[in-house]
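Values quoted throughout were computed directly from the atomic coordinates according to the rules given, and no laboratory measurement underlies them. Since this is a predicted model, take the numbers as computed values, not measurements. Ideal geometry is used to build each Cβ from the backbone, glycine not excepted, and the neighbour counts take in all protein chains shown.
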Amino acid sequence: MKPIGDAGARASPRSLPDLAPEQRRILVVNAKGGCGKTTLATNLAALYASMAVDTALVDHDPQGSSSQWLKARDESRPAIQGIAPWKEASAGHTTRTFQMRLAFSARRVVIDTPAALSASDFGRWLGEADRILIPVLPSSIDIKAGARFIGDLLLDRQYRQRPIPLAVVANRVRRNTVVFQKLERFLRSLRIPFVATFRDLQGYVRAAEVGDGLFELPRGRDQQEWEAFTRLLTWVEATDRWRGARGTTASDSLGPSVS
Ligand SMILES: Nc1ncnc2c1ncn2[C@@H]1O[C@H](COP(=O)(O)OP(=O)(O)O)[C@@H](O)[C@H]1O
Ligand SMILES: [Mg+2]
């Protein structure tokens, strides 16, 4: 258990999991815009930073929402390194700069991405990831699009060459909805875990405006959300047995079935 400062300690008596000793790079993706990629990426980065972990936040979205969040972040908050590769590119640096290498050497690297048309658009980022997180909103349209995206991703040639544990999180859920049952069945058939459910809370919107994670807000200590983040972290930090079996059928709950 690592301390997470005052906010976390009061939010829940439950401990956060121990962190895996090696670097973990967490790619947050979904073909849909507005499903919570940036919210998830920034909150996860803030959580790691508050655990005194060397954390980087990579913003692949030219809209720059994660970068803006980081810019708004108060200096008194635990530091997060930010890097926006598209900025580097537009400044004429086509290769990775020193700053970028530094960000990628952080112990935890959270990677935010733009909405894209298909899973194959994400191919160029797959090489940067050890875990993939897919936020999905609880509407039929979003669930169908999410399922299609996951299906495409599992069939992607690059993904099949180097499968990466992926998980889905439900975002902006107002109550226990039945809409997710279909998605859950689909995910179970692919052996993809449904790791956490985040509620629709104004706190996320307020935190986004000031560069905070939800738990850094004075009134952001929400027990249920804390438990959701604990489950998410437990999955991200789990032992990487599956990767050891790369190229073979997934043999534990971390990995999807790609056959
Ligand atoms: N769990 C949540 N509760 C309330 N608002 C949320 C939640 N998740 C995201 N939002 C809000 O929804 C909007 C879109 O979220 P965002 O993270 O920017 O999506 P994406 O990066 O996938 O486009 C933002 O205004 C964000 O503050
Ligand atoms: Mg975004």
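What fraction of the Cα pairs in region 22-239, stated in percent, has a spacing above 27 angstrom?
27
Give me the count of lysine pairs in region 22-239 whose alpha carbons sit under 29 angstrom apart, restricted to pairs 8 or more positions apart or on different chains.
Lysine pairs satisfying the spacing and distance rule in region 22-239 number 10.
Please state the charge dipole magnitude for region 22-239, taken about the Cα centre, from unit charges on C-beta atoms (+1 on K and R, -1 on D and E), reported in debye and rounded to the nearest 20.
620
Which whole-Hz ³J(HN,Hα) couplings does region 124-132 yield from phi under the Karplus relation 6.51 cos²θ - 1.76 cosθ + 1.60, θ = phi - 60°, glycine and proline marked x?
5, 9, 4, x, 8, 10, 10, 9, 10
Skipping prolines and chain starts, which residues have an amide H placed within reach, meaning under 5 Å, of the one on Leu137, given they are 5 or more residues away or on another chain?
Amide H neighbours of Leu137, under 5 Å, 5+ apart: Asn171.
For region 154-170, in order, what is each residue's ³J(HN,Hα) by Karplus, 6.51 cos²θ - 1.76 cosθ + 1.60 with θ = phi - 60°, in whole Hz (x at glycine and Pro)?
Along region 154-170, the couplings run 5, 8, 4, 4, 5, 5, 5, 5, 9, x, 10, x, 10, 9, 10, 10, 8 Hz.
Taking the mean number of other Cβ atoms within 10 Å as a proxy for protection, how do you rank 166-173, 123-130, 35-42 from highest to lowest?
35-42, 166-173, 123-130
Would you kindly derive the ³J(HN,Hα) couplings of region 71-82 from the backbone phi angles with the Karplus curve 6.51 cos²θ - 1.76 cosθ + 1.60 (θ = phi - 60°), listing them in order in whole Hz, with x for Gly and Pro?
5, 7, 5, 5, 4, 6, 7, x, 6, 10, 7, x
Quick one: which residues, 5+ away or cross-chain, put their amide H under 5 Å from the amide H of Met51? H built at 1.01 Å from N.
none
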